[in-house]
Amino acid sequence: MPVISFVSSKGGVGKTTGAVILAGELALAGKTVAMVDADPNEPLVAWSRIRDITSTVHVFADASVETIIDTIDDLRSRFDFVIIDLEGRAADRIGFAMTRSDLVLIPVQGSLLDANEAAKSVKLIRQMSRVTNRDIPYRVYFSRLAPAIRERTLRDIEDQFAENKIPTLSVSTVDRAAFRAMFSLGGTLHDLDHSDIGGLERARENAVAFAQSIISVLVGGEKQ
Ligand SMILES: Nc1ncnc2c1ncn2[C@@H]1O[C@H](COP(=O)(O)OP(=O)(O)OP(=O)(O)O)[C@@H](O)[C@H]1O
Ligand SMILES: [Mg+2]
């Protein structure tokens, strides 16, 4: 079943957060979800230990270039969705995960520097597409958007992506306390309590739209 990888050469742009947001929405929709923690720092393993999430998502740590393809192939045969969280620097491991991906997602924050970093990931995807002789679908998306930077900078970056024929996801993730709280309190957005976190409802709306835009790409409903 579909394999979705979160990739970026730049650190701290929201890969792990995006992966957990998506996993939470898929699990809520009744899907079985495996997450592969392919970051040697094991952020997902740490997250999965805060709260018991075994009924929601299953986290598997594998940051080894020797085993990652076997791990992905095994999990894709057993789960409805496999979500891979990669760390930025290990190009060989990232490349291997890309070859097995039905969709690669590249978060960027609202700066031109991030856009340049995203272009590096896109280059690697294009190389891996040639290696495997198939088009590996991918989308760049804006991560952790603050309303204040929306206008000018974002339009410049969007133009830059369009000029380079780099497709973007139709939905961005917004900077919300609830998305940070998943990693301090554990669990997905749906395990959090309204009384603890402000803006939870808006974070949930954002998460639903984000997951839907990803599903649309997977089923081919969202044009490149
Ligand atoms: N949408 C968001 N709203 C609020 N905070 C966010 C959001 N996305 C990410 N963050 C915060 O930004 C920081 C970096 O996010 P995250 O760990 O997801 O990035 P990453 O790309 O996986 O980083 P790394 O390169 O270290 O793996 C974290 O503190 C996280 O809580
Ligand atoms: Mg991460």
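Considering the range 184-200, the residues that are among the hydroxyl-bearing types (Ser, Thr, Tyr) and open to solvent by 20 Å² or more (accessible area, probe 1.4 Å) include one that is nearest to ligand 2 (Cβ to nearest atom), namely Ser184.
Just checking, does the range 101-119 include any residue being over 19 Å from the mean Cα position of the chain (by Cα), modelled with pLDDT under 95 and not in a strand (DSSP E or B)? Looking for residues that are over 19 Å from the mean Cα position of the chain (by Cα), modelled with pLDDT under 95 and not in a strand (DSSP E or B), one finds at least one in the range 101-119, hence yes.
Looking at Val36, Val57, just one residue is within 16 Å of ligand 2 (Cβ to nearest atom), in contact (Cβ under 8 Å) with a residue 24 or more places away in the chain, under 20 Å from Ala181 (Cβ atoms) and out of contact with any Pro (no Cβ under 6 Å at 6 or more places or on another chain), and that residue is Val57.
Within the range 1-34, the set of residues being in a loop (DSSP other than H, G, I, E, B), within 7 Å of ligand 1 (Cβ to nearest atom) and open to solvent by less than 40 Å² (accessible area, probe 1.4 Å) comprises Ser8, Val13, Gly14. Just one residue in the set Val171, Val140, Val122 is under 26 Å from Gly30 (Cα atoms) and surrounded by 12 or more Cβ atoms within 10 Å (Cβ to Cβ); that residue is Val171.
Just so you know, in the range 52-78 the residues that are away from ligand 1 (no atom under 16 Å from the Cβ), open to solvent by 20 Å² or more (accessible area, probe 1.4 Å) and assigned to a loop (DSSP other than H, G, I, E, B) include one that is farthest from Gln127 (Cα to Cα), and it is Asp52.
A single member of Ala162, Ala203, Ala181 is surrounded by fewer than 13 Cβ atoms within 10 Å (Cβ to Cβ) and either within 22 Å of Gly24 (Cα to Cα) or hydrophobic (A, V, I, L, M, F, W, C) (or both), and it is Ala162.
When the test is whether a residue is at pLDDT 90 or above, of a type in the set (Phe, Trp, Tyr), open to solvent by less than 50 Å² (accessible area, probe 1.4 Å) and over 28 Å from Thr54 (Cβ atoms), Phe210 does not pass it. Taking the conditions (1) in contact with an Asp or Glu (Cβ under 7 Å, 6 or more places away or on another chain); (2) over 24 Å from Asp175 (Cα atoms) in turn, Lys15 satisfies each one other than (2). Checking each residue in the range 143-159 for being open to solvent by less than 60 Å² (accessible area, probe 1.4 Å) and at pLDDT 85 or above picks out Ser143, Leu145. In the condition set (1) over 16 Å from Thr132 (Cβ atoms); (2) open to solvent by 50 Å² or more (accessible area, probe 1.4 Å); (3) charged (D, E, K, R); (4) out of contact with any strand residue (DSSP E or B) (no Cβ under 6 Å at 6 or more places or on another chain), Asp92 is compliant with all but (1).
The values are calculated or read from the model by the stated rules, or taken from the named source; none is laboratory data. On a predicted model such as this, the values are computed, not experimentally measured, just so you know. Counting neighbours? That spans all protein chains shown, and the Cβs are built from the backbone with ideal geometry, glycine included. The accessibility values were calculated without ligands, DNA or RNA, using every heavy atom of the protein model including side chains. Shrake-Rupley method; radii C 1.70, N 1.55, O 1.52, S 1.80 Å.
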